[in-house]
Structure formats: C-alpha cells, structure tokens
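*Asks:* Handing you this structure, nothing more for now.
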Amino acid sequence: MDTVRKVVLLFVLFLVWTMTLFAQPAGSSKQTFTPRFRPVLQINPAAGPITIDGELDDPGWRSAARANHFVEIFPGDLTPPPIHIEAWLTYDENNLYLAFRIQDDPQKIRYSLRDRDQIFQDDFVGILLDPFGRGAWAYEIFANPLGIQADVLRSASTGEDPGFDLIFKSRGKITADGYQVEMAIPFRSLRFPNTEEQTWRMNLFVNHPRDSRRQYSWAAISRDDPCVLCQFGYLKGIRGVHSGRQVELLPALVSSQSSVISNSQDPESGLNHGAVHSEPSLNLKYGLSSTSVVDFTINPDFSQVEADADQVDVNTTFALF
C-alpha cells in the first residue's frame, strides 16, 4: 500500500510540475522586447577606405557603429519586426557612410530598376537626419535593394517636398539571405551647425511591403505624440567636418528649330528649315552659412515653375490643394 501511495504522490508531483511549466507565458525564458525611445548612437571615424559598390567588406566598415533593435511602427505598434535588421554608420572627413544588412527571403524582396524617387513601392532603407535638432525639418535619404535613390525634404509644418534632390552615392545587392545597401552622403551636400563636434537627431527606416506596407524604425515612434521629428534618436561623435558653402553654377541652354514642307501639295518638295533659336540661362547658388543660401537666376526656364490657380474656399469639408 505504501508503494502505491508513493507512486500516486510522484505522479501528482509530476503533473503539478508539468502544468507549471506549460503555464509560463510564451517567450518568458527570453528577454522581453522593449522599444527604445530616443536612442543614442556614438560613431567613430572609418578605419580605412570605403568603396560604394554594394559589398560590405571594406576596411572602413570594421570600426562602424552598429544600430539594431528596430521596432515595427506600422501596422504593428512598437512590436518586434519579423526580419533581422542591422545598420552600420561611420564617417571620414568628406562623407557620412551608411550600410544596411537585411535578412529576408530573397524571393519575396520587391525591387525595380527605375527612375530616381520612384522606389516607394519597393523595399527600401534609409536615414532621416535633423542636423540642427529642432524638430522643424529633416533630410530623408533612401535607396532600394539595387541602390536606386530617393530623397525628400521633410518639414514638420508643410510635409514632404519630393522635388528636393541631394547628391549622394548608393549601391545595393541581393544576397543569399536578403539584401544589403551602402551609401556615402557628402557633408558638403548637407547643412549643419558650424561646431567641432556634431550632435544630430537621427532615425533609420526600413520599408517592407508584403501583406501590408510594413515599416520599421530604429527610434521608437509613439502614435500618441504628433511630433514625429521630435522622437528621433541621437547621432553623436562626428568631429572636424564642415558643411559645403561653395558656389554652385547651373547653366542651361534651350534650343529649338522648326521646319515646314515647301509645298503642301507635293510631299516630295522637301522642307524649309527655320532659324535656330537658343535661350541660355544661368542659376547661381551661394551658401552664406549653414542656415542661409542666396540664389540668383538669369533668364529662368519658367516651364519648371509651377503656379497654382486661385481657388475660393467656402464651407468645404476638406482643405484645398
């Protein structure tokens, strides 16, 4: 009888232990995922040269700071992304260098060889920079898995300006386990304070269109805070660099010539060629400081200027565009 009681007791203890084990929350043995609000990344100068070719084996990447712990901001709300994301950042006296390594199914990656600023339906990665840290405006610099570029200037008050174009280099490639992209952003293309050490507000962004247009962010973005730029993280450690203030000359020449048939009744009569008309123009841009630029134009091409027709707004539901 004692033996039976011992067996029953052991069975009960085993049952209690099993129920306790399986009653633990899923993932309780792992570290809990915690979004990082306003993270800080300290970067160092590149350990060697970096060639923008889509490969990440250059000596300069050895000293690059690693940014990880991305969060999904749409449609998920500060949840862990379903893919692995890592970004590398470093710099030299001329450029800020940025690289992304994305682990994803290569067969599902969306990319296309297309014109600049036409990649927003693709997978793409990039950086958002607010060099003055005021939350008023920021550069948005992106590239798709082939390195095709896109950039906008984002204002907290007026939204995004897609007509903005920045000079930078980028290349990307599809890998066996995803894709990788590297960029070189010249400091002379950016405007920032004239100080020995820079402290910029920064965010890193990944677009992942699959069942939904999933978006991942390095800095956690709260939907309860209407100021997105105010929630960027911090990029620190850039020293001894200077913003470009050189003169920029953009000459242009528009020429035209028209011809008419000599005899409208005779298709073989040949053409009478009119005179060639040419219109030169010149745009001169000079940077006075990191916050001021003077722009002179002689004979501008007004076909590139968009003017809105007057509209009258009376008791309408939506704002005019």
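*Asks:* Skipping prolines and chain starts, which residues have an amide H placed within reach, meaning under 5 Å, of the one on Val293, given they are 5 or more residues away or on another chain?
*Replies:* Distant-sequence amide H within range of Val293: Leu288.
*Asks:* Here's another thing I want to ask about it. Among (i) 46, 21, 16; (ii) 53, 26, 23; (iii) 30, 25, 17, which is the computed semi-axes √(5λ) of the Cα gyration tensor in Å?
*Replies:* Answer by label: (ii).
*Asks:* Please give the peptides 150-157, 224-231 ranked by average Cβ packing (other Cβ atoms within 10 Å per residue), highest first, as a rough proxy for protection. Mind showing how you got there, number by number?
*Replies:* Working: 150-157: 16.8, 224-231: 12.8.
Per-residue mean Cβ counts within 10 Å order the peptides as 150-157, 224-231.
*Asks:* Separate question: Determine the calculated [θ] at 222 nm for the chain from helices alone, applying -39500 (n - 2.57) to every DSSP H run no shorter than 4 residues and normalising by the residue count; nearest 500 deg cm²/dmol.
*Replies:* -2500 deg cm²/dmol
*Asks:* Using the charge dipole of the chain (Lys, Arg: +1 at Cβ; Asp, Glu: -1 at Cβ; taken about the Cα centre), state which of Gly135, Phe37, Gly147 has its Cα farthest towards the positive end.
*Replies:* Phe37
*Asks:* At a threshold of 8 angstrom on Cα-Cα distance, excluding pairs fewer than six apart, so keeping six or more, what relative contact order does the chain reach in percent?
*Replies:* Contact order relative to length: 16 percent.
*Asks:* Show me the GluC sites (Glu not before Pro) within region 133-232 that DSSP assigns to loop and that have at most 10 other Cβ atoms within 10 Å of their Cβ.
*Replies:* Here the GluC sites (Glu not before Pro) that fit, given the DSSP loop and packing criteria, are Glu196.
*Asks:* Under a cut-off of 19 Å between alpha-carbon atoms, report the aspartates and glutamates in cross-link reach of Lys285, not counting same-chain residues fewer than 8 places apart.
*Replies:* Asp165, Glu248, Asp295, Asp301
*Asks:* Then there is this: Rank by packing, highest mean first: peptides 97-106, 52-61, 261-270, with packing defined as the count of other Cβ atoms within 10 Å averaged across residues. If you can, show how the numbers build up before the last one.
*Replies:* Working: 97-106: 20.0, 52-61: 16.0, 261-270: 9.4.
The densest-packed peptide leads the list: 97-106, 52-61, 261-270.
*Asks:* Hey, what do the phi angles of region 193-200 turn into as Karplus ³J(HN,Hα) couplings, whole Hz, using 6.51/-1.76/1.60 and θ = phi - 60°, x for Gly and Pro?
*Replies:* Taking θ as phi minus 60°, the curve returns x, 8, 10, 5, 10, 9, 10, 10 Hz for region 193-200.
*Asks:* Short version: ³J(HN,Hα) in whole Hz for each residue of region 44-53, in order, from phi by Karplus 6.51 cos²θ - 1.76 cosθ + 1.60 (θ = phi - 60°), x for Gly and Pro, what are they?
*Replies:* Listing the rounded values in order: 10, x, 4, 6, x, x, 10, 9, 7, 9 Hz.
*Asks:* In sequence order, what are the phi-derived ³J(HN,Hα) couplings for region 111-124 according to the Karplus relation 6.51 cos²θ - 1.76 cosθ + 1.60 with θ = phi - 60°, rounded to whole Hz, with x for glycine and proline?
*Replies:* My calculation for region 111-124 gives 8, 8, 8, 8, 5, 4, 6, 10, 9, 6, 9, 8, 5, 7 Hz in order.
*Asks:* Between Arg171 and residues 5 or more places away or on another chain, which pairs have amide H atoms under 5 Å apart, with H built 1.01 Å from N, and which residues are they?
*Replies:* Excluding prolines and chain starts, which carry no amide H, the hits are Gly54, Glu182.
*Asks:* Once amide H atoms are built 1.01 Å from N in the peptide plane, which residues 5 or more positions from Arg110, or in another chain, come under 5 Å H to H?
*Replies:* So Arg110 has HN proximity to Asp123.
*Asks:* Pick from His208, His273, His242: which is most flexible by mean-square fluctuation in a GNM of the chain where alpha carbon atoms under 10 Å apart are linked?
*Replies:* Taking springs between Cα atoms under 10 Å, the residue moving most is His273.
Each reported figure results from applying straightforward, stated rules to the coordinates on display, with no laboratory input. Treat the numbers as computed from the prediction; the structure is a model and nothing was measured. Cβ atoms come from the backbone with ideal geometry, glycine included; neighbour counts cover every protein chain shown.
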